[in-house]
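> This is the structure, below, for whatever I ask next.
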Amino acid sequence: MSSLSAETTIALAQPDAVLGPLCDHLLEHDAQIRREPGETVILLGGGQARLRAGEGLLAVAIEAPDLAALQNLKRAIASHVVEFAPAGDKPVIGWSGDGQVASLPPEFRVLTVTSTEQLSPHMKRIHLRGDDIARYASLEALHVRLFLPPPDLAEPVWPMLGSDGLLQLPSPEQRPAVRKYTIRQIDVAAGTLAIDFVLHDDAGPGSAFAARARAGDLVGMAGPGGRGLKTAERYVFLCDETGLPAVGRMLENLPTSAQGLALIEVANAGEEQPLAAPAGISIRWLHREALPAGQASGLAEAFDALTWDADGPETYLWSATENEAFRHIRSAARQRLRTGLDQHLVVSYWRAGLSEDQHAAEKKAAARAA
Ligand SMILES: Cc1cc2nc3c(=O)[nH]c(=O)nc-3n(C[C@H](O)[C@H](O)[C@H](O)COP(=O)(O)OP(=O)(O)OC[C@H]3O[C@@H](n4cnc5c(N)ncnc54)[C@H](O)[C@@H]3O)c2cc1C
């Protein structure tokens, strides 16, 4: 199957104690696992790894169709061997074969700011250029992780994949902050894309980067991720400013016959922006006016007021908001969505008072507890 291959033999006191949890974990990440006499075969991301547990060692042989698949599989195996090795066992991993040179991770791109555009007082569009960006163009996966270097650094330092297959992070002083953003526009042939940033109070690294961004600045980008547009007879979009880039992109990519509505919360009329959408989609702007972001109940109330007839059209609900509105809409949606008919994606894009890292950690803990 392959054109590239890599092998390693890792000394481990109890290789079986590592192999079991490694397989269980990769199964959760869409790997297929096959047990064959004397070996375990893992199929992941187009590549294949054969693992043999022997006396005090784990032998791994990987085959993959391209360098990205090879490196991803090397990293998946190496990082989980390290994670699941019993305390005191410090695995040393050295690969032979292809892909031995330290490199940027395959899903990572370095982008250069080309220009900026103030869309409204609190929304700034950053235009970027980068090579080989086709993987980021899907409407199925709209968001990316941006790596924002500390502003006082002369040269950005990016995470690298080491020759051991493990991710090497820059030192804490050099390490970029990571924030999730949505690709608002992308032109693969031209190698350009645009991201819309909310400029908010208590600016973290994302908002602060956008506020100071100038042509020539560099950012890292990894991904894409998430779930995006589905096909339905009716669309219901709900968002505040943070979900507006995704809704704007989905609206302009709907078929011209699409029906439904978009409810968009912004601070005031000055924060509205022109959106291209099919004639059958009505767009309603909700204004917070004096209330700070994250404290208005307009989206939740507007969702409650929507009709949802038992025999109405098959609906796709897409909602991205602050955490309070998210909690209300998710719980109301659970009561209203019709099993087997409606689809939905209801997510919390930020939480007032928490940075994105803190909010992501909280979401992870909640998912684990559930
Ligand atoms: C999948 C996904 C896609 C996203 N896409 C976009 C996008 O395209 N554009 C965009 O602007 N945002 C987007 N967001 C939201 C963005 O990631 C968060 O707003 C993030 O917290 C901003 O990072 P920061 O460094 O500016 O602030 P942080 O360091 O994360 O937070 C600092 C403080 O600012 C507050 N804060 C964060 N965001 C806001 C806000 N919008 N308004 C008011 N206060 C805020 C926090 O609660 C915290 O108190 C997306 C989020 C997700 C999960």
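> Answer yes if at least one residue in segment 284-296 is among the acidic types (Asp, Glu) and assigned by TED's automatic domain parsing to the domain that holds HIS122, and no otherwise.
Looking for residues that are among the acidic types (Asp, Glu) and assigned by TED's automatic domain parsing to the domain that holds HIS122, one finds none in segment 284-296, hence no.
> Hey, does segment 332-343 have a residue that's part of a loop (DSSP other than H, G, I, E, B) and over 24 Å from ALA232 (Cα atoms)?
Looking for residues that are part of a loop (DSSP other than H, G, I, E, B) and over 24 Å from ALA232 (Cα atoms), one finds none in segment 332-343, hence no.
> Going by what's in this entry, would ALA177 be described as more than 14 Å from the ligand (Cβ to nearest atom) and at pLDDT 95 or above?
no
> If PHE303 meets every condition in (1) within 16 Å of the ligand (Cβ to nearest atom); (2) surrounded by 15 or more Cβ atoms within 10 Å (Cβ to Cβ) apart from one, which number is that one?
(1)
> Is segment 345-364 home to any residue that is over 16 Å from the mean Cα position of the chain (by Cα), at pLDDT below 95 and either within 16 Å of the ligand (Cβ to nearest atom) or not hydrophobic (A, V, I, L, M, F, W, C) (or both)?
Taking every residue of segment 345-364 in turn, at least one turns out to be over 16 Å from the mean Cα position of the chain (by Cα), at pLDDT below 95 and either within 16 Å of the ligand (Cβ to nearest atom) or not hydrophobic (A, V, I, L, M, F, W, C) (or both).
> Write out, first by first residue and then by second, each pair whose Cβ atoms fall under 8 Å of each other, whose residues are 6+ apart or on separate chains, and whose first residue, in segment 329-356, is farther than 25 Å from ALA141 by Cβ while the second is within 15 Å of the ligand (Cβ to nearest atom) and of a type in the set (D, E, K, R).
Qualifying pairs under 8 Å: ALA352/GLU322; ALA352/GLU324.
> For residues in segment 234-288 being among the hydroxyl-bearing types (Ser, Thr, Tyr) and either more than 25 Å from the chain's Cα centre (by Cα) or surrounded by fewer than 21 Cβ atoms within 10 Å (Cβ to Cβ) (or both), which is farthest from the ligand (Cβ to nearest atom)?
SER257
> Additional query: Based on this model, can you work out whether ALA279 counts as out of contact with any helix residue (DSSP H, G or I) (no Cβ under 7 Å at 6 or more places or on another chain), of a type outside the set (Asp, Glu), more than 20 Å from ARG227 (Cα to Cα) and touching a residue at least 40 places away in the same chain (Cβ under 8 Å)?
Numbers: out of contact with any helix residue (DSSP H, G or I) (no Cβ under 7 Å at 6 or more places or on another chain): yes; of a type outside the set (Asp, Glu): yes; more than 20 Å from ARG227 (Cα to Cα): yes; touching a residue at least 40 places away in the same chain (Cβ under 8 Å): no.
So ALA279 fails the test.
> Additional query: Being buried (at least 17 other Cβ atoms within 10 Å of the Cβ), within 16 Å of the ligand (Cβ to nearest atom), part of a loop (DSSP other than H, G, I, E, B) and small (Gly, Ala, Ser), is that true of even one residue in segment 117-125?
So far as segment 117-125 goes, no, none of its residues is buried (at least 17 other Cβ atoms within 10 Å of the Cβ), within 16 Å of the ligand (Cβ to nearest atom), part of a loop (DSSP other than H, G, I, E, B) and small (Gly, Ala, Ser).
> Next question. Please name all residue pairs, on different chains or six or more residues apart, with Cβ atoms under 9 Å, provided the first residue is in segment 84-95 and is over 20 Å from HIS25 (Cβ atoms) and the second residue is part of a loop (DSSP other than H, G, I, E, B) and charged (D, E, K, R).
Final answer for the pair search is VAL92/ASP164; GLY94/ASP164; TRP95/ASP164.
> So, of the residues in segment 325-341 that are in contact with a helix residue (DSSP H, G or I) (Cβ under 8 Å, 6 or more places away or on another chain) and within 16 Å of the ligand (Cβ to nearest atom), which turns out to be nearest to THR231 (Cα to Cα)?
ILE329
> Report, by residue number, each residue of segment 195-223 that is under 13 Å from LEU128 (Cα atoms), more than 10 Å from the ligand (Cβ to nearest atom) and surrounded by 16 or more Cβ atoms within 10 Å (Cβ to Cβ).
ALA213, ASP217, LEU218, VAL219, GLY220, MET221
> Being crowded, with 22+ Cβ neighbours inside 10 Å and under 18 Å from LEU104 (Cβ atoms) narrows it down to one residue among PRO170, PRO176, PRO159; which is it?
Selected residue: PRO176, the only one of PRO170, PRO176, PRO159 that is crowded, with 22+ Cβ neighbours inside 10 Å and under 18 Å from LEU104 (Cβ atoms).
> Can you tell me which residue within segment 41-77, out of those that are free of Cβ contacts under 8 Å to residues at least 24 places away in the same chain and either outside any strand (DSSP E or B) or not basic (Lys, Arg) (or both), is farthest from LEU19 (Cα to Cα)?
GLY46
The values are calculated or read from the model by the stated rules, or taken from the named source; none is laboratory data. Here the structure is a predicted model, which means the values were calculated and not measured. Positions of Cβ are backbone-derived with ideal geometry, glycine not excepted, and every protein chain shown enters the neighbour counts.
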